[in-house]
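Computed from the coordinates by the stated procedures, all read-outs in this text should not be read as laboratory data. Since this is a predicted model, take the numbers as computed values, not measurements. Virtual Cβ from ideal backbone geometry, glycine too; neighbours counted across all protein chains shown.
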Amino acid sequence: MVAASKMRKAQQHALAGRPYASLMNKVLVSLQKRTDPRLHPLLEIRPIKKELLLIISTDKGLAGALNTNLFREAVNFDQAKTVFVVTGKKARQFVVRTKRELLADFELKDAPNFVETKAISKFCTEKFLNREVDKVSVLFTHFINTINQRATVETLLPISSFDLPKKLEEAQGEDSDPLLGYVFEPNAESVLDIILPYYIQYQVFQTILDARASEQSARMVAMKNATDNANQFIKDLTLEYNKMRQAGITTELLEIATAQMALGG
């Protein structure tokens, strides 16, 4: 009951943030169309000499193949060109065990709030702005539904584009301004400067919520499978025990009957 309650809360938090992403993307698409994106440092695309990978894993096991799938994706990154930032003990153990470069390890509660996750996004953003890394990616488990979760890699920095929902894009046209008629004060460039760091913070927070929902779902499914397997194992053992017991009784009866016949009874 406790695991199911945690799973429902995690799912609600993960899904509740997605409508806000659409609203924020509308604003960002509009700002992008009114400014030169090459002028903002967070939008600067440069040759990748060093990449930072943020891995969002779990603190505990018993979650099926969730962490294994994450680490299978992580090994695809060039060890010589990639540095790692992690949340979760499992990711930290993986990075240390495989002798990869660990920059930071952030500890989070089971249900972190937005303020607690800002330190992660701030750290990653500073590394990018200081040109210590040329790209920041995040590796997390994307929550699809209770049964299905997928290890996903997304580019956090540089911000290349903002996507509108398909329905809205089809209704307004690919090149149209979704906020046509709105005026940004003092100007679009200033608003973009302020909103982009918040966008990065929100993206990190949303991926963490996704990962938490995936963790609780995977753990609940794993525990259900373990319980079902244990019950089936008990049934198989009980059946085998009854067969052996019946065979033992039959053998004893045959021995008694044989003894009686031998004594002439």
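What's the center-to-center distance, using Cα atoms, between segment 193-223 and segment 97-130 in Å? Centre-to-centre (Cα) distance: 13 Å. Of the residues VAL96, PHE106, ILE120, the one whose Cα sits farthest toward the positive end of the charge dipole of segment 83-140, with +1 on the Cβ of Lys and Arg and -1 on the Cβ of Asp and Glu, is VAL96.
Where q = 0.17, 0.32 Å⁻¹, what log10 of I(q)/I(0) comes from the Debye formula for segment 40-84, counting one point per Cα? Here the Debye-derived log intensity ratios amount to -0.64, -1.17. Ranked by the mean number of other Cβ atoms within 10 Å of their residues, highest first, the peptides 234-245, 96-107, 114-125, 51-62 fall in the order 51-62, 114-125, 96-107, 234-245. Distance between the pseudo-spin-label points of ILE48 and ARG245 (7 Å out from Cα toward the beta carbon): 6.3 nm.
Listed here are the pairs LYS89/LYS109; LYS90/LYS118; LYS60/LYS90; LYS60/LYS89; LYS90/LYS135; which of them are more than 18 Å apart at the Cα? In this structure, LYS90/LYS118; LYS90/LYS135 exceed 18 Å between Cα atoms. Summarising the label geometry, the points placed 7 Å from Cα in the beta-carbon direction at ARG131 and ALA230 lie 5.8 nm from one another.
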